[in-house]
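The values are calculated or read from the model by the stated rules, or taken from the named source; none is laboratory data. Computed from a prediction, not measured in an experiment: that's the story for all the values here. No Cβ is skipped: glycine too gets one built from the backbone with ideal geometry, and neighbour counts run over all protein chains shown. Just so you know, the surface numbers come from the protein's heavy atoms only, side chains and all, with ligands and any DNA or RNA stripped out. Shrake-Rupley method; radii C 1.70, N 1.55, O 1.52, S 1.80 Å.
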Amino acid sequence: MSTSDIPSNRPGSGTDMWGGRFSGGPSAVLQAINASVDIDQRLAEQDIDGSLAHAAMLAACGIISSQDARDISAGLEAIRTDIRAGKFSWSAALEDVHMNVEAALKERIGAPAGRLHTARSRNDQVATDFRLWLRETCARMEDGLRAYQRALVAQAEAHADWVMPGFTHLQTAQPVSLGHHLLCWVEAAERDIGRFEDCRKRLNESPLGAAALAGTAFPIDREMTAKALGFDRPMANSLDAVSSRDFALEALSAATIAAVNLSRFAEEIVLWTSRRFGFAKLTDAFSTGSSIMPQKRNPDAAELVRAKPGRISGALQGLIIVCKGLPLAYSKDLQEDKALVFTAFDDLELAIAAMAGMAADLSFNRKAMEEAAGEAYSDATDLADYVVRELGLPFRDAHHIAGSVVKAAEARGVTLSQLPLEVFQSVEPRIDETVFTVLTARASMESRTSYGGTAPVRVREQCALWRERLAQE
């Protein structure tokens, strides 16, 4: 918006808003940097909810008349209807969502509208709105992550006994179940959900009634407004109520960690769907082509999810810098909080939906995964375990024996299972033909029966537990 588009002196922009203290209106430059309505109009629903609760409380406490409260409530609901229908006219000259709604209320009901701002300030008003918005948004992130988990659990159950290579350092390590691998991301998402739940609990205190910074001399009932808005309690310190944004920092921290977790699985999807891996495929619903190479099939959705932590963690860092060093109580710097938070959660919500969609959409190449699981001597640990179990040797000795056998297999260009028995026996004479029963990728996977292990029996147990848990959710 150009500064030339903003009038510097009009009703509501200068003397009307600030009363008798100012005789002139703000400059166009000040008005341009000061206005936030393009961003914070997203808080309109929460702003109206807070005003409804505040008006009802003022009437209950005898601070305004019941008729004024009824007029205010009717006017606010009519404004809400207009906003939802896209019929509300927002004015940058009125700075923010709060003044826009208040000005519209005055046009509708006249003088009673002026009573609504009794015993509150925009400072506690915006803090209340922001907490309400974040509470709803965190709950929505949790719902999205639950959908993501359900898609993963369904895939994990269908592929509990499919063997694939497990990796460390992106090098083939040990065979694992595909279902086990997918359940890893279910566990990560559960921790993400827990962080959002914890955030909601901590932010669920009401700033309303703290006014500008010191509370109010009016006999208000903050418990009443807190209860009406679904808060657990009113905030105990008025300075803290209007100046704290650590709840937004915590929400962005949770969002950043969730985005990182999503991006890690997104990276695996990029790898798995590549020609070099050939482990998985996405349908046209989550793939794009090339403008020049007709053969291309690109996992763009996964790549874009992989990029989201940059923007989301950037928002976290941006708000940390805004908040760093601010003295009590409120400073206008805090107006910058909402653009950062809104953008970050828009990105995260889209990333969660994309990952839930791709998790359900993926199909897998069983043959390619099983062949890869047996490569790079992934059964070497099973050989070492066999020596410990059958011959009673210490694991460090068994590790050395297995390493010597791998060296011999590498020299011949064969797998461990393709080596003649005499090669094993040249390293450790007591090894017999039973060693070959453990030297397959499937045998390796099925042997890992410890709690939390990759054996299909354990994977199916975990899938059943997750199905029950998600059904309760």
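The selection criterion, being over 25 Å from the mean Cα position of the chain (by Cα), crowded, with 24+ Cβ neighbours inside 10 Å and polar (S, T, N, Q), does not hold for THR216.
Per-residue answers, yes or no, for (1) more than 30 Å from ALA402 (Cα to Cα); (2) in a helix (DSSP H, G or I); (3) touching a residue at least 24 places away in the same chain (Cβ under 8 Å):
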residue	(1), (2), (3)
VAL435	no, yes, yes
LEU439	no, no, yes
SER444	no, yes, yes
TYR451	no, no, no
VAL459	no, yes, yes
CYS463	yes, yes, yes
TRP466	yes, yes, yes
ALA471	yes, yes, no
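Go through region 46-66 and give me each residue that's assigned to a helix (DSSP H, G or I), free of Cβ contacts under 8 Å to residues at least 40 places away in the same chain and either within 30 Å of the chain's Cα centre (by Cα) or surrounded by fewer than 16 Cβ atoms within 10 Å (Cβ to Cβ) (or both). Once the filter is applied, which keeps residues that are assigned to a helix (DSSP H, G or I), free of Cβ contacts under 8 Å to residues at least 40 places away in the same chain and either within 30 Å of the chain's Cα centre (by Cα) or surrounded by fewer than 16 Cβ atoms within 10 Å (Cβ to Cβ) (or both), region 46-66 yields only SER66. Restrict the check to region 115-131 and report whether at least one residue is within 30 Å of SER363 (Cβ to Cβ) and not charged (D, E, K, R). There is no residue in region 115-131 that is within 30 Å of SER363 (Cβ to Cβ) and not charged (D, E, K, R). Checked against the criterion of being crowded, with 24+ Cβ neighbours inside 10 Å and small (Gly, Ala, Ser), the candidates GLY230, GLY209 yield just one match: GLY209. May I ask you to verify whether LEU304 is touching a residue at least 40 places away in the same chain (Cβ under 8 Å), open to solvent by 20 Å² or more (accessible area, probe 1.4 Å), touching a Leu at 6+ places or on another chain (Cβ under 6 Å) and under 27 Å from GLY357 (Cα atoms)? Against the criterion (touching a residue at least 40 places away in the same chain (Cβ under 8 Å), open to solvent by 20 Å² or more (accessible area, probe 1.4 Å), touching a Leu at 6+ places or on another chain (Cβ under 6 Å) and under 27 Å from GLY357 (Cα atoms)), LEU304 does not qualify.
Report, ordered by the first and then the second residue, all pairs with beta carbons closer than 6 Å, sequence separation of six or more or different chains, a first member in region 209-223 that is within 16 Å of GLY62 (Cα to Cα), and a second member that is β-branched (Val, Ile, Thr) and part of a loop (DSSP other than H, G, I, E, B). Here the result reads GLY209/ILE220; PHE218/ILE63, each pair linking region 209-223 to a residue that is β-branched (Val, Ile, Thr) and part of a loop (DSSP other than H, G, I, E, B).
Applying a threshold of 6 Å to beta carbon distances and a minimum spacing of six or more residues, or different chains, the list of pairs starting in region 241-261 at a residue that is surrounded by fewer than 24 Cβ atoms within 10 Å (Cβ to Cβ) and assigned to a helix (DSSP H, G or I) and ending at one that is of a type in the set (S, T, N, Q) and at pLDDT 95 or above reads THR256/SER313.
From the list GLU336, GLU375, the one residue that fits, being open to solvent by 10 Å² or more (accessible area, probe 1.4 Å), not aromatic (Phe, Trp, Tyr) and not in a helix (DSSP H, G or I), is GLU375. Just one residue in the set GLY114, GLY194, GLY166, GLY179 is within 17 Å of the chain's Cα centre (by Cα) and of a type outside the set (D, E, K, R); that residue is GLY194. Only one of the numbered conditions (1) surrounded by fewer than 23 Cβ atoms within 10 Å (Cβ to Cβ); (2) within 15 Å of ASP246 (Cβ to Cβ) is violated by VAL341, and that is (1).
In the set ALA402, ALA408, ALA398, only one residue is surrounded by fewer than 18 Cβ atoms within 10 Å (Cβ to Cβ), in contact with a helix residue (DSSP H, G or I) (Cβ under 7 Å, 6 or more places away or on another chain) and farther than 14 Å from SER444 by Cα; that residue is ALA408.
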